[in-house]
Amino acid sequence: MSGFERSSEGGIARGERALLVLPDRSGEGNSRSVDARLDEAGGLAAAIGIDVVARRAVRIRQPRPATLFGKGQAEELAGLAEDHQAGLLIVDAALTPVQQKNLEEQTKAKVIDRTGLILEIFGERAATAEGRLQVELAHLDYQAGRLVRSWTHLERQRGGFGFLGGPGETQIEADRRLIRDRMARIRKELEQVRRTRGLHRDRRQRAPWPIIALVGYTNAGKSTLFNRMTRADVFAENLLFATLDPTMREVKIPGFDKAILSDTVGFVSNLPTELIAAFRATLEEVSSADLILHVRDISHPDTEAQKADVEGVLASLDLDEQGAPPRLELWNKIDLLDGDEREATLNEAERRDEVVAISAVTGTGLDELRNDIAVRLRGQAAVHHVRLPLAEGGKLAWLHSRGEVLDSRSEGETIDVAVRLSPENWTRFQSL
(Lines give C-alpha, C1' and ligand atoms only; values in the text may rest on other atoms or scores of the structure.)
Protein backbone atom coordinates (compact mmCIF):
# COMPACT_ATOMS: atom_id res chain seq x y z
CA MET A 1 0.00 0.00 0.00
CA SER A 2 1.46 3.38 -0.94
CA GLY A 3 2.01 6.28 1.41
CA PHE A 4 -0.73 8.26 -0.34
CA GLU A 5 -3.18 5.44 0.18
CA ARG A 6 -2.31 5.47 3.84
CA SER A 7 -2.69 9.23 4.13
CA SER A 8 -5.75 10.02 2.07
CA GLU A 9 -9.08 8.40 1.67
CA GLY A 10 -8.99 7.75 -2.07
CA GLY A 11 -5.28 7.27 -2.59
CA ILE A 12 -3.27 8.97 -5.34
CA ALA A 13 -2.22 7.14 -8.46
CA ARG A 14 0.54 7.77 -10.97
CA GLY A 15 -0.57 10.23 -13.60
CA GLU A 16 -2.80 12.13 -11.15
CA ARG A 17 -3.23 15.75 -12.27
CA ALA A 18 -1.85 18.17 -9.71
CA LEU A 19 -1.61 21.87 -8.98
CA LEU A 20 1.78 22.75 -7.45
CA VAL A 21 1.80 25.70 -5.06
CA LEU A 22 4.85 27.33 -3.48
CA PRO A 23 4.15 29.51 -0.45
CA ASP A 24 6.64 32.32 -1.12
CA ARG A 25 7.99 33.82 2.07
CA SER A 26 10.97 35.62 0.52
CA GLY A 27 13.23 37.32 2.97
CA GLU A 28 13.15 34.45 5.49
CA GLY A 29 16.66 33.31 4.73
CA ASN A 30 15.93 31.13 1.68
CA SER A 31 18.69 31.82 -0.85
CA ARG A 32 16.99 29.93 -3.69
CA SER A 33 14.99 31.63 -6.40
CA VAL A 34 11.26 31.01 -6.65
CA ASP A 35 11.68 29.35 -10.06
CA ALA A 36 14.39 27.00 -8.74
CA ARG A 37 12.22 26.00 -5.78
CA LEU A 38 9.26 25.36 -8.08
CA ASP A 39 11.48 23.31 -10.38
CA GLU A 40 12.68 21.17 -7.48
CA ALA A 41 9.17 20.61 -6.16
CA GLY A 42 8.09 19.68 -9.69
CA GLY A 43 10.97 17.20 -9.80
CA LEU A 44 9.79 15.62 -6.56
CA ALA A 45 6.31 15.20 -8.03
CA ALA A 46 7.70 13.78 -11.29
CA ALA A 47 9.75 11.25 -9.30
CA ILE A 48 6.53 9.38 -8.49
CA GLY A 49 4.71 10.02 -11.74
CA ILE A 50 2.44 12.91 -10.71
CA ASP A 51 1.38 15.12 -13.63
CA VAL A 52 1.84 18.76 -12.57
CA VAL A 53 -0.57 20.62 -14.86
CA ALA A 54 -0.05 24.06 -13.31
CA ARG A 55 2.24 25.67 -10.79
CA ARG A 56 1.98 28.87 -8.85
CA ALA A 57 4.00 30.84 -6.30
CA VAL A 58 1.77 32.53 -3.74
CA ARG A 59 3.19 35.40 -1.68
CA ILE A 60 2.67 34.80 2.03
CA ARG A 61 3.14 37.82 4.30
CA GLN A 62 1.58 36.35 7.43
CA PRO A 63 0.89 32.59 7.54
CA ARG A 64 -2.68 31.79 8.57
CA PRO A 65 -2.92 29.14 11.30
CA ALA A 66 -6.08 27.65 9.75
CA THR A 67 -5.06 27.37 6.10
CA LEU A 68 -1.56 28.92 5.71
CA PHE A 69 -2.97 30.98 2.82
CA GLY A 70 -5.39 33.90 3.06
CA LYS A 71 -9.07 33.33 2.30
CA GLY A 72 -8.83 34.94 -1.14
CA GLN A 73 -5.71 32.98 -2.00
CA ALA A 74 -7.36 29.69 -0.99
CA GLU A 75 -10.36 30.54 -3.16
CA GLU A 76 -8.03 31.34 -6.08
CA LEU A 77 -6.27 27.98 -5.65
CA ALA A 78 -9.64 26.21 -5.61
CA GLY A 79 -10.51 27.93 -8.93
CA LEU A 80 -7.16 27.00 -10.47
CA ALA A 81 -7.55 23.37 -9.44
CA GLU A 82 -11.03 23.28 -10.95
CA ASP A 83 -9.94 25.02 -14.17
CA HIS A 84 -7.10 22.53 -14.69
CA GLN A 85 -9.12 19.52 -13.50
CA ALA A 86 -6.48 18.90 -10.85
CA GLY A 87 -7.63 16.53 -8.14
CA LEU A 88 -4.44 17.02 -6.12
CA LEU A 89 -2.95 20.14 -4.54
CA ILE A 90 0.77 19.90 -3.70
CA VAL A 91 1.92 22.54 -1.23
CA ASP A 92 5.70 22.88 -1.18
CA ALA A 93 5.87 23.57 2.56
CA ALA A 94 5.15 21.81 5.81
CA LEU A 95 1.45 21.95 6.66
CA THR A 96 -0.11 21.33 10.05
CA PRO A 97 -2.86 18.69 10.16
CA VAL A 98 -5.45 21.46 10.60
CA GLN A 99 -4.15 23.44 7.61
CA GLN A 100 -4.16 20.30 5.47
CA LYS A 101 -7.72 19.40 6.45
CA ASN A 102 -9.06 22.93 5.95
CA LEU A 103 -7.38 23.32 2.56
CA GLU A 104 -8.94 20.07 1.39
CA GLU A 105 -12.36 21.34 2.41
CA GLN A 106 -11.88 24.72 0.72
CA THR A 107 -10.29 23.52 -2.53
CA LYS A 108 -12.26 20.25 -2.88
CA ALA A 109 -8.95 18.57 -3.77
CA LYS A 110 -6.66 16.16 -1.98
CA VAL A 111 -3.79 18.06 -0.35
CA ILE A 112 -0.27 16.84 0.30
CA ASP A 113 2.63 18.86 1.68
CA ARG A 114 6.36 18.62 1.01
CA THR A 115 6.95 16.15 3.82
CA GLY A 116 4.21 13.81 2.62
CA LEU A 117 5.53 14.01 -0.95
CA ILE A 118 9.08 13.10 0.06
CA LEU A 119 7.79 10.30 2.27
CA GLU A 120 5.87 8.87 -0.68
CA ILE A 121 9.00 8.91 -2.86
CA PHE A 122 10.99 7.16 -0.17
CA GLY A 123 8.21 4.62 0.29
CA GLU A 124 8.27 3.78 -3.41
CA ARG A 125 12.07 3.60 -3.68
CA ALA A 126 12.96 1.65 -0.52
CA ALA A 127 14.24 -1.70 -1.76
CA THR A 128 15.56 -3.35 1.39
CA ALA A 129 13.75 -4.53 4.50
CA GLU A 130 15.64 -1.92 6.52
CA GLY A 131 14.72 0.86 4.11
CA ARG A 132 11.06 -0.09 4.24
CA LEU A 133 11.14 -0.10 8.05
CA GLN A 134 12.74 3.34 8.10
CA VAL A 135 10.16 4.75 5.72
CA GLU A 136 7.27 3.18 7.61
CA LEU A 137 8.53 4.64 10.89
CA ALA A 138 8.82 8.10 9.36
CA HIS A 139 5.38 7.79 7.77
CA LEU A 140 3.71 6.65 10.99
CA ASP A 141 5.33 9.53 12.84
CA TYR A 142 3.97 11.90 10.21
CA GLN A 143 0.51 10.31 10.20
CA ALA A 144 0.06 10.12 13.97
CA GLY A 145 -1.02 13.75 14.16
CA ARG A 146 -3.09 13.60 11.00
CA LEU A 147 -5.69 10.98 11.85
CA VAL A 148 -8.28 13.68 12.33
CA ARG A 149 -7.77 14.86 8.75
CA SER A 150 -9.13 11.84 6.95
CA TRP A 151 -10.91 9.94 9.67
CA THR A 152 -13.09 12.46 11.50
CA HIS A 153 -15.91 9.91 11.36
CA LEU A 154 -13.90 7.87 13.87
CA GLU A 155 -14.35 10.45 16.62
CA ARG A 156 -17.31 8.53 17.99
CA GLN A 157 -16.80 6.79 21.31
CA ARG A 158 -16.98 3.07 21.56
CA GLY A 159 -16.69 0.41 24.17
CA GLY A 160 -13.95 -2.07 23.63
CA PHE A 161 -12.52 -5.29 24.86
CA GLY A 162 -9.21 -7.06 24.60
CA PHE A 163 -6.48 -4.96 22.97
CA LEU A 164 -8.98 -2.83 21.07
CA GLY A 165 -9.46 -0.39 23.94
CA GLY A 166 -11.51 0.07 27.01
CA PRO A 167 -14.90 1.72 27.56
CA GLY A 168 -15.03 5.32 26.49
CA GLU A 169 -11.98 5.15 24.25
CA THR A 170 -12.66 6.88 20.94
CA GLN A 171 -11.76 5.10 17.73
CA ILE A 172 -9.24 7.78 16.91
CA GLU A 173 -7.52 7.32 20.29
CA ALA A 174 -7.35 3.59 19.67
CA ASP A 175 -5.84 4.14 16.23
CA ARG A 176 -3.27 6.52 17.65
CA ARG A 177 -2.37 3.92 20.28
CA LEU A 178 -2.00 1.23 17.62
CA ILE A 179 0.28 3.56 15.64
CA ARG A 180 2.41 4.21 18.73
CA ASP A 181 2.66 0.47 19.38
CA ARG A 182 3.70 -0.21 15.80
CA MET A 183 6.29 2.59 15.95
CA ALA A 184 7.72 1.09 19.14
CA ARG A 185 8.09 -2.30 17.44
CA ILE A 186 9.77 -0.75 14.40
CA ARG A 187 12.17 1.20 16.60
CA LYS A 188 13.18 -2.04 18.30
CA GLU A 189 13.80 -3.69 14.94
CA LEU A 190 15.80 -0.68 13.73
CA GLU A 191 17.81 -0.69 16.95
CA GLN A 192 18.77 -4.27 16.15
CA VAL A 193 19.69 -3.13 12.63
CA ARG A 194 21.79 -0.35 14.15
CA ARG A 195 23.64 -2.82 16.37
CA THR A 196 24.20 -5.15 13.42
CA ARG A 197 25.50 -2.26 11.32
CA GLY A 198 27.82 -1.35 14.16
CA LEU A 199 29.23 -4.88 14.22
CA HIS A 200 29.68 -4.79 10.45
CA ARG A 201 31.43 -1.42 10.71
CA ASP A 202 33.75 -2.76 13.39
CA ARG A 203 34.54 -5.72 11.15
CA ARG A 204 35.25 -3.41 8.21
CA GLN A 205 37.48 -1.24 10.40
CA ARG A 206 39.63 -4.33 10.95
CA ALA A 207 39.55 -5.28 7.27
CA PRO A 208 42.42 -4.05 5.08
CA TRP A 209 40.25 -1.84 2.87
CA PRO A 210 39.47 1.87 3.16
CA ILE A 211 35.84 3.01 2.87
CA ILE A 212 34.92 5.99 0.67
CA ALA A 213 31.42 7.45 1.05
CA LEU A 214 29.60 9.49 -1.58
CA VAL A 215 27.30 12.19 -0.26
CA GLY A 216 25.53 15.05 -1.97
CA TYR A 217 22.31 16.73 -2.90
CA THR A 218 19.80 14.51 -4.64
CA ASN A 219 20.39 14.26 -8.40
CA ALA A 220 23.95 15.61 -8.10
CA GLY A 221 25.23 12.57 -10.01
CA LYS A 222 26.42 10.31 -7.17
CA SER A 223 25.04 7.08 -8.65
CA THR A 224 26.38 7.88 -12.11
CA LEU A 225 29.82 8.44 -10.60
CA PHE A 226 29.45 5.28 -8.51
CA ASN A 227 28.63 3.24 -11.61
CA ARG A 228 31.53 4.65 -13.62
CA MET A 229 34.09 4.12 -10.86
CA THR A 230 32.93 0.62 -9.87
CA ARG A 231 31.46 -0.59 -13.19
CA ALA A 232 28.26 -1.37 -11.32
CA ASP A 233 24.68 -0.91 -12.51
CA VAL A 234 23.06 0.98 -9.63
CA PHE A 235 19.82 2.71 -10.69
CA ALA A 236 20.91 6.16 -11.91
CA GLU A 237 18.34 8.38 -13.57
CA ASN A 238 17.71 12.11 -13.85
CA LEU A 239 15.27 11.83 -10.95
CA LEU A 240 15.28 13.13 -7.42
CA PHE A 241 16.04 10.34 -4.93
CA ALA A 242 16.96 7.79 -7.62
CA THR A 243 19.04 6.08 -4.92
CA LEU A 244 17.65 5.33 -1.47
CA ASP A 245 19.27 2.21 -0.04
CA PRO A 246 23.06 2.45 0.45
CA THR A 247 25.16 0.34 -1.91
CA MET A 248 28.81 -0.72 -1.57
CA ARG A 249 31.16 -1.93 -4.30
CA GLU A 250 34.89 -2.45 -4.77
CA VAL A 251 36.78 0.40 -6.46
CA LYS A 252 40.35 0.57 -7.74
CA ILE A 253 42.51 3.28 -6.15
CA PRO A 254 46.25 3.71 -6.96
CA GLY A 255 48.44 2.22 -4.24
CA PHE A 256 45.63 0.19 -2.67
CA ASP A 257 44.83 -3.43 -3.39
CA LYS A 258 41.16 -2.68 -2.78
CA ALA A 259 38.90 0.11 -1.58
CA ILE A 260 35.14 0.19 -0.97
CA LEU A 261 32.93 2.93 -2.44
CA SER A 262 29.56 3.54 -0.77
CA ASP A 263 26.65 5.31 -2.50
CA THR A 264 24.15 6.93 -0.12
CA VAL A 265 20.74 8.58 -0.23
CA GLY A 266 20.71 12.10 -1.62
CA PHE A 267 19.91 15.06 0.59
CA VAL A 268 17.38 17.77 -0.16
CA SER A 269 16.41 21.13 1.28
CA ASN A 270 13.92 21.00 4.13
CA LEU A 271 14.41 17.26 4.52
CA PRO A 272 11.63 16.11 6.86
CA THR A 273 12.83 15.67 10.42
CA GLU A 274 10.99 12.34 10.51
CA LEU A 275 13.24 11.06 7.74
CA ILE A 276 16.48 12.36 9.23
CA ALA A 277 15.64 10.52 12.45
CA ALA A 278 14.52 7.34 10.69
CA PHE A 279 17.55 7.18 8.39
CA ARG A 280 20.11 8.06 11.03
CA ALA A 281 21.33 4.44 11.23
CA THR A 282 21.95 4.45 7.47
CA LEU A 283 23.60 7.87 7.45
CA GLU A 284 25.87 6.80 10.29
CA GLU A 285 27.65 4.66 7.69
CA VAL A 286 29.12 7.93 6.42
CA SER A 287 30.69 8.71 9.80
CA SER A 288 32.73 5.49 9.71
CA ALA A 289 34.20 6.18 6.26
CA ASP A 290 37.88 6.92 5.71
CA LEU A 291 37.03 9.65 3.19
CA ILE A 292 33.85 11.52 2.28
CA LEU A 293 33.33 12.65 -1.32
CA HIS A 294 30.80 15.48 -1.51
CA VAL A 295 29.41 15.36 -5.06
CA ARG A 296 28.00 18.70 -6.24
CA ASP A 297 26.10 19.56 -9.42
CA ILE A 298 28.26 22.56 -10.24
CA SER A 299 26.04 23.41 -13.24
CA HIS A 300 22.96 23.94 -11.06
CA PRO A 301 22.01 27.59 -10.42
CA ASP A 302 21.50 26.83 -6.71
CA THR A 303 24.67 24.78 -6.24
CA GLU A 304 25.85 26.90 -3.28
CA ALA A 305 22.50 26.55 -1.48
CA GLN A 306 22.56 22.80 -2.15
CA LYS A 307 26.05 22.61 -0.66
CA ALA A 308 24.81 24.38 2.47
CA ASP A 309 21.93 21.90 2.81
CA VAL A 310 24.27 18.90 2.58
CA GLU A 311 26.69 20.38 5.09
CA GLY A 312 23.76 21.02 7.43
CA VAL A 313 22.77 17.34 7.39
CA LEU A 314 26.39 16.25 7.87
CA ALA A 315 26.66 18.63 10.82
CA SER A 316 23.60 16.99 12.36
CA LEU A 317 25.57 13.73 12.27
CA ASP A 318 28.50 15.44 14.02
CA LEU A 319 30.55 15.18 10.84
CA ASP A 320 31.83 18.74 11.10
CA GLU A 321 33.72 18.12 14.33
CA GLN A 322 37.34 17.32 14.96
CA GLY A 323 38.13 13.72 14.14
CA ALA A 324 35.54 13.51 11.34
CA PRO A 325 36.64 11.79 8.12
CA PRO A 326 38.49 14.03 5.65
CA ARG A 327 36.32 15.46 2.90
CA LEU A 328 36.86 16.10 -0.81
CA GLU A 329 34.49 18.21 -2.90
CA LEU A 330 33.68 17.00 -6.42
CA TRP A 331 32.38 19.61 -8.86
CA ASN A 332 30.38 17.31 -11.11
CA LYS A 333 28.60 17.94 -14.44
CA ILE A 334 31.23 20.28 -15.86
CA ASP A 335 30.22 18.88 -19.26
CA LEU A 336 27.00 20.91 -18.92
CA LEU A 337 28.86 24.22 -18.61
CA ASP A 338 29.46 26.52 -21.58
CA GLY A 339 32.97 27.39 -22.77
CA ASP A 340 33.87 30.45 -20.67
CA GLU A 341 32.00 29.26 -17.58
CA ARG A 342 33.56 25.82 -17.87
CA GLU A 343 37.05 27.31 -18.18
CA ALA A 344 36.52 29.56 -15.15
CA THR A 345 35.20 26.63 -13.11
CA LEU A 346 38.14 24.41 -14.04
CA ASN A 347 40.60 27.17 -13.13
CA GLU A 348 38.89 27.75 -9.78
CA ALA A 349 38.93 24.02 -8.98
CA GLU A 350 42.62 23.86 -9.90
CA ARG A 351 43.41 26.56 -7.35
CA ARG A 352 41.63 24.76 -4.50
CA ASP A 353 43.22 21.75 -2.83
CA GLU A 354 39.91 20.32 -1.57
CA VAL A 355 38.17 20.38 -4.98
CA VAL A 356 38.29 18.17 -8.08
CA ALA A 357 36.27 19.08 -11.19
CA ILE A 358 34.76 16.04 -12.92
CA SER A 359 32.09 14.76 -15.27
CA ALA A 360 30.70 11.41 -14.17
CA VAL A 361 29.02 11.09 -17.58
CA THR A 362 32.10 11.65 -19.78
CA GLY A 363 34.77 10.49 -17.32
CA THR A 364 36.60 13.83 -17.34
CA GLY A 365 38.75 14.30 -14.25
CA LEU A 366 38.29 10.78 -12.88
CA ASP A 367 41.98 9.82 -13.17
CA GLU A 368 42.89 12.92 -11.17
CA LEU A 369 40.15 12.03 -8.70
CA ARG A 370 41.52 8.53 -8.13
CA ASN A 371 45.00 9.91 -7.51
CA ASP A 372 43.65 12.57 -5.16
CA ILE A 373 41.69 9.94 -3.24
CA ALA A 374 44.88 7.88 -2.82
CA VAL A 375 46.76 10.89 -1.45
CA ARG A 376 43.99 11.70 1.03
CA LEU A 377 43.57 8.12 2.17
CA ARG A 378 47.24 8.15 3.11
CA GLY A 379 46.48 11.42 4.96
CA GLN A 380 48.89 12.59 7.64
CA ALA A 381 50.75 9.35 7.34
CA ALA A 382 53.71 8.52 9.53
CA VAL A 383 56.29 5.76 9.28
CA HIS A 384 55.92 3.02 11.90
CA HIS A 385 58.26 0.12 12.57
CA VAL A 386 56.40 -3.08 13.33
CA ARG A 387 57.69 -6.52 14.30
CA LEU A 388 55.32 -9.41 13.50
CA PRO A 389 55.50 -13.19 13.88
CA LEU A 390 55.79 -14.75 10.42
CA ALA A 391 52.66 -16.76 11.21
CA GLU A 392 50.58 -13.57 11.26
CA GLY A 393 50.37 -13.17 7.49
CA GLY A 394 46.94 -11.57 7.74
CA LYS A 395 48.32 -8.59 9.61
CA LEU A 396 51.13 -8.23 7.07
CA ALA A 397 48.58 -8.29 4.24
CA TRP A 398 46.58 -5.65 6.14
CA LEU A 399 49.63 -3.37 6.27
CA HIS A 400 50.29 -3.81 2.56
CA SER A 401 46.68 -2.97 1.71
CA ARG A 402 46.10 -0.04 4.07
CA GLY A 403 49.58 1.47 4.10
CA GLU A 404 52.77 1.83 2.12
CA VAL A 405 55.32 -0.80 3.11
CA LEU A 406 58.73 0.85 2.73
CA ASP A 407 60.89 -2.02 3.92
CA SER A 408 60.53 -5.53 5.34
CA ARG A 409 63.19 -7.88 6.67
CA SER A 410 62.77 -11.39 8.02
CA GLU A 411 64.72 -12.52 11.04
CA GLY A 412 64.09 -15.99 12.38
CA GLU A 413 60.39 -16.40 13.14
CA THR A 414 59.62 -12.66 12.87
CA ILE A 415 59.52 -9.95 10.24
CA ASP A 416 60.38 -6.29 10.76
CA VAL A 417 58.26 -3.93 8.66
CA ALA A 418 58.63 -0.19 8.03
CA VAL A 419 55.20 1.03 6.94
CA ARG A 420 53.65 4.44 6.32
CA LEU A 421 50.13 4.60 7.80
CA SER A 422 47.55 7.28 8.39
CA PRO A 423 46.77 8.00 12.08
CA GLU A 424 43.36 6.33 11.67
CA ASN A 425 44.85 3.17 10.19
CA TRP A 426 47.61 3.04 12.79
CA THR A 427 44.91 3.09 15.49
CA ARG A 428 42.99 0.37 13.67
CA PHE A 429 46.09 -1.77 13.29
CA GLN A 430 46.79 -1.54 17.01
CA SER A 431 43.25 -2.82 17.72
CA LEU A 432 43.63 -5.89 15.51
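The values are calculated or read from the model by the stated rules, or taken from the named source; none is laboratory data. These numbers were taken from a predicted model, which means no experiment stands behind them. Note: ideal-geometry Cβ built from the backbone for every residue, glycine included; neighbour counts use all protein chains shown.
See the values below:
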read-out	value
Wholly within region 212-304, helices (runs of 4 or more DSSP H) carrying at least 3 residues that are more than 24 Å from LEU337 (Cβ to Cβ) and modelled with pLDDT of 65 or more	273-278, 280-287
Count of residues meeting criterion [over 16 Å from ASP257 (Cα atoms), part of a helix (DSSP H, G or I) and free of Cβ contacts under 8 Å to residues at least 40 places away in the same chain] in region 391-428	1
Qualifying residue in region 31-49 (condition: more than 30 Å from ALA308 (Cα to Cα) and of a type outside the set (Val, Ile, Thr))	no
The one condition in (1) surrounded by fewer than 22 Cβ atoms within 10 Å (Cβ to Cβ); (2) on the phi < 0 side of the Ramachandran plot that ASP92 fails to fulfil	(1)
Sole residue being modelled with pLDDT under 90, within 25 Å of GLU311 (Cα to Cα) and hydrophobic (A, V, I, L, M, F, W, C), chosen from LEU336, LEU377, LEU406	LEU377
Per-region count, region 85-121, residues out of contact with any Leu (no Cβ under 6 Å at 6 or more places or on another chain) and in contact (Cβ under 8 Å) with a residue 24 or more places away in the chain	25
Residue in region 130-139 that is in contact with a Gly (Cβ under 6 Å, 6 or more places away or on another chain), modelled with pLDDT of 85 or more and closer than 30 Å to GLU104 by Cβ present	yes
Exclusive hit being under 24 Å from SER33 (Cα atoms) and not in a loop (DSSP other than H, G, I, E, B), set VAL356, VAL386, VAL313	VAL313
Check on ASP335, acidic (Asp, Glu) and either under 30 Å from VAL34 (Cβ atoms) or not assigned by TED's automatic domain parsing to the domain that holds SER269 (or both)	yes
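This table checks each residue for (1) at pLDDT below 90; (2) touching a Ser or Thr at 6+ places or on another chain (Cβ under 9 Å).
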{"position": "SER2", "(1), (2)": "yes, no"}
{"position": "ARG6", "(1), (2)": "yes, no"}
{"position": "GLU9", "(1), (2)": "yes, yes"}
{"position": "LEU20", "(1), (2)": "no, no"}
{"position": "GLY27", "(1), (2)": "yes, no"}
{"position": "ASN30", "(1), (2)": "yes, yes"}
{"position": "SER33", "(1), (2)": "yes, no"}
{"position": "ARG55", "(1), (2)": "no, no"}
